[in-house]
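The values are calculated or read from the model by the stated rules, or taken from the named source; none is laboratory data. Here the structure is a predicted model, which means the values were calculated and not measured. Note: ideal-geometry Cβ built from the backbone for every residue, glycine included; neighbour counts use all protein chains shown.
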Amino acid sequence: MDLLKRLSYHVLSNNFIKAGKGSSDIKSNLKSIGIDSDILRKIAIVCYEAEMNIVIHSLGGNLHCDIYEEKIVILTEDIGPGIPDIELAMTEGFSTAPDSVRELGFGAGMGLPNMKRYSDIFEINSSIKGTNIKMTILL
Amino acid sequence: MNFNVMFDEEKCKGCTNCMRRCPTQAIRIYKGKAVIDNVRCIHCAECIKICPYEAYSTESVDSKIQQSIKYKIAIPSTTIYGQFPKGTEICNVQNAFLKLGFDYVYDESWAAELISKAIKDKINENKEIRPLISTNCPSVVRLIKFRYPSLLGNLISLEDPMEIAAKLARKRAKEIFNCDDNEIGVFYISPCPAKLLAVTDPIGPNKSSIDRVVPLNTIYGQLYKEVKKQENLCFSNPSLKGIMWAVSGGQSKSAELNNYVSVYGMENIIDVFDEVENGRLFHIDFIEALSCTDGCVGGTFNVENPYVARNNINYIIDHTDENTLQNDDLDKYEEFKNKGIFNLVIADEDEGDFKKHKINIKQAVERIDKIKDILALLPGLDCGSCGAPTCYAQAEDIYDEKSKLIDCVVLRAKLNENKKEEK
Ligand SMILES: Nc1ncnc2c1ncn2[C@@H]1O[C@H](COP(=O)(O)OP(=O)(O)O)[C@@H](O)[C@H]1O
Ligand SMILES: [Mg+2]
C-alpha cells in the first residue's frame with residue numbers, strides 16, 4: 001500500500017530540553033487522525049523510547065513516522081556509536097546509561113524490550129556507524 | 001435539571017480569557033460572545049473562575065421541586081469541613097442540615113473512608129495495570145475520555161465517594177423511614193460544577209443515585225448560622241480519614257499508599273497523562289489527579305480559600321476524637337466489598353464512542369494536511385483575536401467551515417495595507 005504521509009524529526013544528542021518533542025508531535029498527529037487509542041498507546045511508547053535512546057545513547061539522528069492505510073511504521077536512524085551486542089542490549093534491565101541520566105529517571109533498561117514488545121514487527125540493525133530501528137504497528 | 005451553569009451574554013465582553021484558559025479548547029468567541037461546545041466541555045469550571053465580568057454563574061435549585069420530595073437526604077461533600085472557621089463545633093454540621101429541612105444526613109467522608117480501603121485492596125490485588133487512576137474528579141475522567149482514551153483502562157474500577165455515599169444513604173433511609181426508593185431524594189452538597197456532570201452523564205452504565213446537586217455556596221450562609229447555634233446537640237462526626245479526600249494527596253494518604261503521584265491543575269494533569277501514555281509511569285501504583293487548585297477545596301462552589309480550607313481540615317484531623325459517634329457502615333467494609341458495591345463498570349458504549357469507530361485513514365490524513373496548509377497562511381501568534389484559542393484551532397475551524405480566513409485580524413490588517421498601497 002502507498003505511503004500516505006511521513007512525519008520527520010531531527011533528534012539531538014544529549015539535549016533533554018527538546019527530548020520527547022518528536023514523539024509528542026507524532027502522538028498528537030495520530031490523535032487528530034483518529035487512530036484507535038490502544039494502538040496509539042503502543043505507538044506512543046515505542047516512539048518515545050526510540051527517541052530517548054537517540055538522545056541518551058547516540059550522537060544524534062532522526063525519527064520518522066510513516067503512515068499507511070493499514071500500518072504505522074516508526075523508523076529511527078542515528079550516527080553512532082552503535083550497539084556492540086544487540087542481544088545483550090535487548091535484555092530487560094540492561095543499561096549502560098550513566099548516573100547523570102539515571103538521575104533524570106531514565107536508564108531502567110526497559111526501552112528496547114518494550115519497543116519490541118509493543119510493535120508487531122521489530123527490526124534493528126547496528127554497527128559503529130549507527131543504529132537503525134524499524135517498528136511496524138498494524139492498524 | 002439540578003442547577004445550570006448560566007451564561008449571561010450581556011455581561012460577556014468577548015475578552016477571550018475563558019477561551020484561552022479552557023483546557024480542552026471548548027470555547028470560541030462568536031460575534032463578540034463566548035460560546036461553549038458542550039461535547040468538549042469537561043465541566044472543570046476554569047471559565048467560571050477566570051471570567052473578570054462574572055458572566056458565568058450558577059442557578060440554584062428550584063425550591064418547588066424540593067417540596068415535592070418526601071424524604072430529603074443531604075450528602076455534604078468532604079470539603080464542607082474546610083469552610084468553617086477553626087474551632088467551630090464540627091459535630092454540629094450534620095445536625096445543621098436537619099435544621100435546614102433535610103430528613104437525613106449521610107456524610108460523604110464515611111464513603112470516602114470505605115473507598116480508601118477499596119483503593120488499597122485494588123492496588124494490592126490488581127498488579128497488571130499501572131498506574132491506576134482515581135475516578136474521583138469527574139473533569140479528569142472526562143479529560144481521559146476525550147483526550148486520553150487509551151488510558152480508560154487505567155481508571156481504577158471503583159465508584160467515587162459521592163456515588164457510594166448516595167447508594168448507602170438510600171439504603172439507610174429506606175430502613176429508617178420504611179419507604180420506597182422513589183419517595184427519597186438525594187441531594188449532594190457540591191464543591192464544584194463537575195459533580196453535576198458525574199450525575200447527569202455518569203462514567204458507568206448505571207444511573208447515578210444522586211437526584212440533585214446543590215452548590216455548596218448557595219446554602220452555606222444558612223448552614224453556618226445553624227452550626228453556630230449552641231443549642232444544637234452534637235450529632236455525629238465525619239470520618240477523619242474520609243475528610244482527607246477534600247485536599248490533594250488526601251486519597252492516597254487515606255488509602256495508606258506510598259507509591260503514588262498526586263497532581264492538580266489541568267495543565268499539570270495533562271503533563272502527567274502524557275507521561276503515562278509514553279509508558280514512563282509503569283512503576284507508579286496510583287495517580288490522584290484533581291482538576292482544582294489543591295484538590296476539591298479549590299472547587300468554585302466552596303466559600304473558603306483552598307489553602308485556608310486545607311489548614312482548617314488539618315486542624316480538624318488533629319483535634320477531633322476519632323471515637324465519637326459515626327456511622328456503623330464503616331464497620332461493614334468487607335460485607336460491602338464482597339457484594340461488589342464499590343465496583344465501577346466503565347460503559348462499553350463509552351469505549352465505543354471514543355475508541356472503536358473505524359476511521360478512513362486516507363481521508364483523515366488529507367484532512368490534517370489541508371488543516372496544516374491553512375495553518376501555514378495564519379500568522380502563528382495564537383493571539384486569540386479571531387475567537388479561537390490557537391491558530392491551529394482556528395485552522396481546524398476554517399477547515400470545518402465554522403470560521404473564515406478573514407476572521408484573522410493580522411491577515412485583515414495586511415489585506416488593508418495592500419489595498420492602501422494599490423490606491
Ligand atoms: N541508539 C542507540 N545507540 C547506541 N546504544 C544504544 C542505543 N539504543 C540503546 N542502546 C544501548 O542499549 C542499552 C539498552 O537500551 P534500553 O533498553 O533502551 O535501556 P536504557 O535506555 O534504559 O539504557 C542502552 O543502555 C545502550 O547501551
Ligand atoms: Mg532507553
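Collect the residues in segment A:30-40 that are under 19 Å from the mean Cα position of the chain (by Cα) and crowded, with 17+ Cβ neighbours inside 10 Å, keeping them in residue-number order.
Of everything in segment A:30-40, those that are under 19 Å from the mean Cα position of the chain (by Cα) and crowded, with 17+ Cβ neighbours inside 10 Å turn out to be A:LEU30, A:LYS31, A:ILE35, A:SER37, A:ILE39, A:LEU40.
Restricting the first residue to segment B:279-296 and requiring it to be without any contact (Cβ under 8 Å) to a residue 12 or more places away in the chain, which pairs with a second residue that is buried (at least 20 other Cβ atoms within 10 Å of the Cβ) meet a Cβ separation below 6 Å and a spacing of at least six or different chains?
B:GLY279/A:ILE45
Condition first: at pLDDT 95 or above and either more than 13 Å from ligand 2 (Cβ to nearest atom) or under 14 Å from the mean Cα position of the chain (by Cα) (or both). Now tell me which residues in segment A:86-101 satisfy that.
A:ILE86, A:GLU87, A:LEU88, A:MET90
Are there any pairs, at least 6 apart or on different chains, whose C-beta atoms fall under 7 Å, with the first in segment B:323-348 and assigned by TED's automatic domain parsing to the domain that holds B:VAL141 and the second at pLDDT 90 or above and polar (S, T, N, Q), and if so, which?
Close Cβ pairs satisfying both conditions: B:GLN326/B:SER239; B:LEU330/B:SER239.
Can you tell me which residue within segment A:117-131, out of those that are within 11 Å of ligand 1 (Cβ to nearest atom) and buried (at least 16 other Cβ atoms within 10 Å of the Cβ), is farthest from A:GLY61 (Cα to Cα)?
Top of the filtered list is A:ILE124.
What's the number of the only condition in (1) buried (at least 18 other Cβ atoms within 10 Å of the Cβ); (2) at pLDDT below 95; (3) in contact with a Phe, Trp or Tyr (Cβ under 9 Å, 6 or more places away or on another chain) that A:LEU104 fails to meet?
The failed condition is (1).
Which condition does B:GLY101 not pass, out of (1) surrounded by 22 or more Cβ atoms within 10 Å (Cβ to Cβ); (2) over 16 Å from the mean Cα position of the chain (by Cα); (3) not in a helix (DSSP H, G or I), if it passes all the others?
Checking B:GLY101 against (1) surrounded by 22 or more Cβ atoms within 10 Å (Cβ to Cβ); (2) over 16 Å from the mean Cα position of the chain (by Cα); (3) not in a helix (DSSP H, G or I), the one that fails is (1).
For A:PRO113, are the conditions met, namely being near ligand 1 (Cβ under 7 Å from one of its atoms) and within 14 Å of the chain's Cα centre (by Cα)?
Considered against the rule, which asks whether it is near ligand 1 (Cβ under 7 Å from one of its atoms) and within 14 Å of the chain's Cα centre (by Cα), A:PRO113 comes out as yes.
Tell me which residues, restricted to segment A:84-109, are in contact (Cβ under 8 Å) with a residue 24 or more places away in the chain, within 29 Å of B:ILE284 (Cβ to Cβ) and either of a type in the set (A, V, I, L, M) or more than 9 Å from ligand 1 (Cβ to nearest atom) (or both).
A:MET90, A:ALA97, A:VAL101, A:LEU104
With respect to A:SER126, determine if the residue is modelled with pLDDT of 95 or more, in contact with a Lys or Arg (Cβ under 9 Å, 6 or more places away or on another chain) and away from chain B (no Cβ under 14 Å).
So A:SER126 fails the test.
Under the condition of being within 16 Å of ligand 2 (Cβ to nearest atom) and part of a loop (DSSP other than H, G, I, E, B), which residue from segment A:41-83 is surrounded by the fewest Cβ atoms within 10 Å (Cβ to Cβ)?
A:LEU59
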